[in-house]
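Note sheet for the following structure.
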Amino acid sequence: MSTLRIEIFPDDLDLAENFYVEVLDFHVERDERTRAPAYLALRRGDVRVGAAERSVITSRQRRPPLGVEPSRSLRTGEGS
């Protein structure tokens, strides 16, 4: 049988644990919320969910480097 494994990056690992355990009937396999970065491994049958603490990204970190311009198709909506 196949296993489904996904990773999620919630804002709050405690709320994620509560939802997956209380609502979706998962159980905690590994709890590393006291480490940095915090991580939580959950399992229900052949479904595994890894929940990792999301890093805060500033808008400055998301901007493209100087000198990088979008292609003409991205600026105008036209095809190449």
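The values are calculated or read from the model by the stated rules, or taken from the named source; none is laboratory data. Note that the coordinates shown come from a computational prediction; the quantities given were computed from them, not determined experimentally. Remember, those area values only see protein heavy atoms, side chains included, never the ligands or the DNA or RNA. Shrake-Rupley method; radii C 1.70, N 1.55, O 1.52, S 1.80 Å.
Starting from the Cα-Cα distance between V21 and V47, subtract it from 0.36 nm times their residue separation and give me the gain in nm to one decimal.
Details: separation 26, 0.36 × 26 = 9.36 nm, distance 1.30 nm.
So the extension gain works out to 8.1 nm.
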* Asked: What do you reckon, how do E17, E22 stack up by accessible area (1.4 Å probe), largest on top?
  -> E22, E17
